[in-house]
1. Just need log10 I(q)/I(0) for segment A:1-40 at q = 0.19, 0.20 Å⁻¹, Debye formula, equal scatterers on the alpha-carbon atoms, no solvent, rounded to two decimals.
2. Run the dipole for segment B:153-218 about the Cα centre, Lys and Arg Cβ at +1, Asp and Glu Cβ at -1, nothing else charged, and hand back the magnitude in debye, nearest 20.
3. How would you classify segment A:14-59 from its alpha-carbon gyration tensor, with a ≥ b ≥ c the square roots of the eigenvalues: rounded for a/c under 1.5, else prolate if a/b is greater than b/c, otherwise oblate?
4. What ranking do A:82, B:70, B:113 get, fewest neighbouring Cβ atoms within 10 angstrom at the top?
5. Quick one: which residues, 5+ away or cross-chain, put their amide H under 5 Å from the amide H of residue A:67? H built at 1.01 Å from N.
Amino acid sequence: MMRRHNLTCAQFVDKAEAFALEALDELEQRACARHIVRSIHHHGCREALASAQSVVDSLAAVLPGGAPPAALWSAIEARLGIGTGSSNAEWL
Amino acid sequence: MLPASPGALPLPLAFCAPNIEECLTKFVAAVPTGHTDRARDRELLARVAQGDIAALRAIYDQHASRAITIAFRILRNREEAEDIVQETFLEVWRRAAQFDPGRGGAVAWVVTIARSRAIDRLRARNIAGRTIASAAEGNGVLVPLPSPSPATETERRRDERRVAEALGTLPPAQRRTIELAYFEGLSQSEIAVKTASPLGTVKMRVKLAMAKLAQLLGDEGT
């Protein structure tokens, strides 16, 4: 069984960019997730993460557009059970 | 396979725990999506949260292309990319009420979900030494979308140009590192192997590039 590594805020801030990019190795990624969620008091963690995540979100803008296959929407509808009277209320 | 099964993780970041996606949503800043886009996204997602399938279809029409592009570029498999897009929109359907317009537009949300799920799947495969094709290869699988409204298109092009220009200011090694991390879904360790660079160098490139992009995109976005 692997030992969990608890990060300090300074360590988290150092990894925030890679964490937002999901470019850390699995154990580091989990350690960062635990830190940001479980710790109550932070020293720059949220700001560092917000800044990095904003950049990551922005990168979506340069993805090329294009039409997905026509059948894809039908497949989504089928998985949602559309046509059988379902709505997303059951998911909430 | 529906993602609501009791043991399934409905989150784009497949950590066993905790719920990082919800956490990120609370903390992140606004993204450079135009006001028109954001207002429309907010309205559409509110309708989706009420069970309006037509609104989901509208979001799909607008953003599925980018979702499938990022999924394909990461997975290099058309069927898997399409499956990721299906899962992405199922997640949008059931989590629309959680959409935080303060974070940015629906495109960022949709792409983040698709990208995270694709990375999860890629890493689950644990494929070593996979070939990374050029960006152009990834572009070739899609056909052009029908034209959006002029206002939407103008905003989209402005955002695209702005981010592309910011990427263009980075030194080539930093830009390549960001491309491999974001567009190909590689971890820093994988990038180090791919580029035959020390891991510490890759980490530094990520930090420097992200700091520069934050500065450029933040400055321009305000």
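1. With one equal scatterer per Cα and no solvent, log10 I(q)/I(0) is -0.47, -0.52.
2. 240 debye
3. Since a/c reaches 1.5 but b/c is at least a/b, the shape of segment A:14-59 is classed as oblate.
4. Ascending Cβ contact count within 10 Å gives the list A:82, B:113, B:70.
5. B:143, B:145
Coordinate-derived values only; no laboratory data. Remember, it's a predicted structure, so these values are computed and weren't measured experimentally. As a convention, Cβ positions derive from the backbone with ideal geometry for all residues, glycine included, and neighbour counts pool all protein chains shown.
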